[in-house]
Amino acid sequence: MVGLCLAFTAIFLALGGWQVQRRAWKLDLIARVEQRIHAEPAPPPGPGRWAGLSQASDGYRRLRLTGRFAHDRETLVQAVTTEGPGFWVMTPLHTDRGFDVLVNRGFVPAERRAPAARLAAQVEGPVSVVGLLRLTEPHGGFLRANAPAENRWYSRDVAAIGQARGLSNLAPYFVDADAAPNPGGWPIGGLTVVKFPNSHLVYMLTWFGLALLTGGAAVYVLLDARRNRVKETP
């Protein structure tokens, strides 16, 4: 009994220590992202950096892109936002640096999904876009897989969208455009939710609490056994 309690105590202490490390990592990530989203916009990472991009080092980095939109290769991805249900408008931008970046121009409701319902925003000339770097969202949404052949998209899967739209030199990330208004008012940009769940303190206290309970149980069993031996001694 004592050995089992001590074994569980060690396990709970290890899990609590792991949560301490996870909490420190999460707080550092939150601080870094908060700094990035308010920094001066940087140029988009080019092909030489694509292989080394990661959420920890590049997620939500503020970028400025210049180039021309390829509106004929636009993709609509289902979305639920503070504006209600609808679609993200994902449009390739042919950058002046020679590669393409998929830009999430913002949200449109179902009645604005057709380009004809927002013609003013179909800008043909050079544009400049400021937004946040986001890593690709492969495969699909929760319990719903993307269906490129049917043009049904539930996540912003950059590689799959690029393949479906015939984009051969596409960056492996997309950019969420900021709240700068588009001509005609649609799409609505700047709806990126920058929020990271951080329940590690609760988990940490839970594991350390369980360690205290099992450790206390082991001490109680040992003391009880000692008292019994004393009573049995003639």
Region 61-177, accessible surface, carbon-and-sulfur percent (1.4 angstrom probe): 52 percent
Histogram of C-alpha separations across region 61-177, 5 Å bin width, %: 2, 12, 23, 26, 22, 12, 3, 0
Distance histogram for region 125-218 (every C-alpha pair counted, 10 angstrom bins, percent rounded to whole numbers): 12, 26, 27, 13, 11, 7, 2, 0
Listed peptides 56-67, 154-165 by packing density, highest first (mean Cβ within 10 Å): 154-165, 56-67
Cut-off 10 Å between beta-carbons: net charge of the residues surrounding Pro148, Lys and Arg +1, Asp and Glu -1: 0
Protection proxy ranking of 127-135, 176-184, 89-97 - average other beta-carbon atoms within 10 Å, highest first: 89-97, 127-135, 176-184
Region 61-177, accessible area per residue, ligands and nucleic acids excluded (1.4 Å, Å²): 47 Å²
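The values are calculated or read from the model by the stated rules, or taken from the named source; none is laboratory data. Computed from a prediction, not measured in an experiment: that's the story for all the values here. All Cβ positions, glycine included, derive from the backbone under ideal geometry; neighbour counts span all protein chains shown. Please note that ligands, DNA and RNA were not included when accessible areas were found on the heavy atoms of the full protein model with its side chains. Shrake-Rupley method; radii C 1.70, N 1.55, O 1.52, S 1.80 Å.
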